[in-house]
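What follows is a set of notes on a single structure, which appears directly below.
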Amino acid sequence: MRAASVSDYRELARRRLPNIFFEYIDGGSYAETTLRRNVADLEAIALRQRVMRDMTKLDMSVATLGQTLSMPVGLAPVGLSGMFGRRGEVQAAKAAAAAGVPFCLSTVGVCTVEEVARTGVPPWFQLYMLKDRGYMRELLARAKAAGSPVLVFTVDLPIPGARYRDTRSGFTGSSGLAAAVRQAWDGLSHPGWMWDVWANGRPHSLGSVAGAMQGGGRVTDYLSWIARNFDRSVTWADLDWVRETWDGPIVVKGVLDPQDARDAVKAGAQGLVVSNHGGRQLDGVRSSISALPRIAEAVGGDLEVYMDGGVRSGLDVLKALALGAKACFLGRAWAYALAAGGEAQIARMLATIRSELAVAMILTGCASARDAGSANHTAQLSVLLIASRRVSRG
Ligand SMILES: Cc1cc2nc3c(=O)[nH]c(=O)nc-3n(C[C@H](O)[C@H](O)[C@H](O)COP(=O)(O)O)c2cc1C
């Protein structure tokens, strides 16, 4: 199948990946209510079609945190990506750089920040708060030395949410001979993945945190290690501590509440990502897109507001911009594309998002991605009006 949309990449990923990795990417926490909401609430928003405007000049670029993005999109941090495609983080970073958008490397990526930086474009670096502050300091220093321009500090995972699919698939909580045989069969029945990742994508460790993990940072130990080592005592005051080592821009990721957003401003963040971790943490919380307008209204003038969660097309990107986001991050969309066919497929997926965004901008009379937020509309351009029962500006 030649993929035309993100849902096609999902299907290709399902065919190509061992079940444990597909379920790990695709799943959410508990009953997956928030995961579904993220997508459904975006779908429920209507774009306002406008016609007969001269749309020959279209500017999709946005400037943010000292960078110009060719379109208002970035690749969100996705842990374990090197298990979905050979040296997956490096492939994603190359595709993102070629498309002129940022790639954010997860703390629990398979590739180290140094390996990704060798592509020539250092990644944004995502940090989880670990109990071992000495190791954290080292990690921050490494990201800085590798040239990472932005630190993304994820605040919605002081403890991992339960993901039932990972239990059912055997990714977590299973050990012994029967589990080993099942996992071996899962791999062997996906020969394309075996060749690409298992045989040629080594080492299979969590590059950046391998030094902090006993047993060399094997990916199979990952979830239990997180549960033991992520720090739930973390508060906004810890941002001061981070700043002692990191003097660049800090983006706080995982905010859904306007009061938390104000606190992020007070703590000195330069950006925030309205996010529920793709529905993988506290199930039942609201969708990112429904939380966005009030947060943009509360702090949009003080820092950069981004969003992620459920973005599956360029149309979704425009909806988020119209509701106050400066840019959107894609999570599963790029993980599926990586699994489907590496850098080339991520590049194709990004090209698809770009052309979908262009069509949406032209047919809503939005000539510039910078003006898509309705606060900037002039009556003449009159770009977008979001009509939805579930997502309101109030
Ligand atoms: C497989 C997977 C792994 C993820 N790993 C991380 C991570 O290591 N750090 C992080 O901050 N967010 C992580 N996230 C959350 C994403 O950065 C992002 O918030 C989410 O995927 C957005 O939702 P979407 O997948 O619907 O686009 C992960 C998401 C997925 C799907």
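The values are calculated or read from the model by the stated rules, or taken from the named source; none is laboratory data. Bear in mind the structure is a predicted one, so any value in this text is a computation, not a measurement. All Cβ positions, even for glycine, are placed from backbone atoms using ideal geometry, and neighbour counts span all protein chains on display. We work out accessible area using only protein heavy atoms, side chains counted, and drop any ligands, DNA or RNA first. Shrake-Rupley method; radii C 1.70, N 1.55, O 1.52, S 1.80 Å.
The DSSP beta bridges internal to the range 26-166 are antiparallel in roughly 35% of cases. From helices alone, the chain scores -12000 deg cm²/dmol at 222 nm; the rule is -39500 (n - 2.57) for each run of n ≥ 4 DSSP H residues, then divide by the residue total. Where the accessible area of the chain is counted over protein heavy atoms with a 1.4 Å probe, how much of it, in %, is carbon and sulfur? Roughly 53 percent of what the probe reaches on the chain is carbon or sulfur. The range 294-347 and the range 28-54 have Cα centres spaced 12 Å apart. 3J(HN,Hα) along the range 72-83, derived from phi through the Karplus expression 6.51 cos²θ - 1.76 cosθ + 1.60 where θ = phi - 60°, amounts to x, 9, x, 9, 5, x, 10, x, 6, 4, x, 9 Hz, with x in place of Gly and Pro. Couplings for the range 291-297, taken from phi via the Karplus curve 6.51 cos²θ - 1.76 cosθ + 1.60 with θ = phi - 60°, read 7, 4, x, 5, 5, 4, 5 Hz in order; Gly and Pro are left as x.
Accessible surface calculations at 1.4 Å, restricted to protein heavy atoms, place the range 194-336 at 36 Å² per residue. A crude spin-label estimate for the pair residue 67 and residue 266, with each label 7 Å from Cα along the Cβ direction, gives 3.0 nm. Note that the range 1-93 presents 42 Å² accessible area per residue, ligands and nucleic acids not counted, probe 1.4 Å. Separation of the range 247-279 from the range 107-122 is 24 Å, based on Cα centroids.
Solvent-accessible surface of the range 115-184, averaged per residue with a 1.4 angstrom probe and all protein chains in place: 46 square angstrom. Given R0 = 35 Å, the distance between the Cβ atoms of residue 48 and residue 235 translates into a calculated FRET efficiency of 0.25. Extension gain for residue 351 to residue 175 (0.36 nm times residue separation, less C-alpha to C-alpha distance): 59.2 nm.
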